[in-house]
Amino acid sequence: TQAQGEFRYISIYRIIDGSHEVLIQHPAYNGRPMWSPDSRAFSFLSDRSGNTELYLYQLEEGESKRLTNSEKREKYTSWHPDGKRIFYTYHYSDEEGKEHNDIFSIDVERGEIKQITDDLKFYQEIAISPKGDKIAFHGKREGKDHIYIMDIDGKNERQLTKVEAYHGEPEWIPLK
């Protein structure tokens, strides 16, 4: 992602020959691109509609498609390894002004949305496991930032980090 003047661009830079191609050019925020497992598309977030929503850009078609339409703000994304679903977080404030993020998934082809968490906790920086059975995430519980893991359906949450420090942006290392 690259900012330039009033526009936000998402470009591909080819390391081999040093060329680049602008794929997204819009006078709005366009960021957090995530490649699909087959590298034929990427998801990204944009506030071009006035609210941050989830979009899909398919390389073959050369155009972006809006996937979500909500009052809440999508913030973090992760593709399921099957390439059919994108998991994402909704960021919102409750009636008391306390901030929360819940996790949802969307079927890319059908547009069907499924809510994964609904418990007034704070989930962010999500990462789906290479097998597609777990979600790692940065969670805030009782004012502390830790890395957690849970089943893909939102059950069996457990804290992984113990040291009192900021822990964020978990990633999975695929084993062969």
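The values are calculated or read from the model by the stated rules, or taken from the named source; none is laboratory data. Computed from a predicted structure; not experimentally measured. Methodologically, a virtual Cβ is constructed for each residue, glycine included, from the backbone with ideal geometry; neighbour enumeration extends over all protein chains shown. Ligands, DNA and RNA are excluded from the accessible area calculation, which covers all protein heavy atoms including side chains. Shrake-Rupley method; radii C 1.70, N 1.55, O 1.52, S 1.80 Å.
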May I ask you to list the lysines whose Cα is less than 26 Å away from that of Lys72, ignoring any residue fewer than eight positions away on the same chain? Lys84, Lys98, Lys114, Lys121, Lys134, Lys140, Lys144, Lys155
Using the crude model of +1 on Lys and Arg Cβ and -1 on Asp and Glu Cβ, and no other charge, please compute the dipole size for region 20-115 relative to its Cα centre, in debye to 20. 100 debye
Heavy atoms of Lys134: accessible area, 1.4 Å probe, square angstrom to 10: 60 Å²
What is the packing order of peptides 61-70, 143-152, taking the mean over residues of other C-beta atoms within 10 Å and listing the highest first? 143-152, 61-70
Net charge contributed by nearby residues that have their C-beta within less than 12 Å of Glu125 (K/R +1, D/E -1): 0
Inverting the mean 1/r over all pairs of different Cα atoms, compute the Kirkwood radius of region 9-87 and quote it in Å. 13.2 Å
Looking at Leu160, Gly62, Tyr9, which one has the Cα that reaches farthest to the positive end of the dipole of the chain (charges on Cβ: Lys, Arg +1; Asp, Glu -1)? Leu160
Sorted by accessible area (1.4 Å probe), largest first, how do Val108, Val22 line up? Val22, Val108
Give the Debye-formula value of log10 I(q)/I(0) at each listed q (0.14, 0.17 Å⁻¹), with one equal scatterer per alpha carbon of the chain, two decimals each. -0.80, -1.13
Any idea how far the Cα center of region 21-78 sits from the one of region 107-171, in Å? 21 Å
In cubic angstrom per residue, the convex hull of region 64-141 built on its Cα atoms measures 98 Å³
Please list the three semi-axes, largest first and in whole Å, of the ellipsoid equivalent to region 45-101, using sqrt of 5 times the eigenvalues of its alpha carbon gyration tensor. 25, 14, 6
Determine the order of Phe122, Phe44 by accessible area, beginning with the largest, at a probe radius of 1.4 Å. Phe122, Phe44
Protein-only accessible surface order, largest first, of Leu23, Leu56, Leu120 at 1.4 Å: Leu120, Leu23, Leu56
To the nearest 20 debye, what is the magnitude of the charge dipole of the chain about its Cα centre, counting +1 on the Cβ of each Lys and Arg and -1 on the Cβ of each Asp and Glu? 360 debye
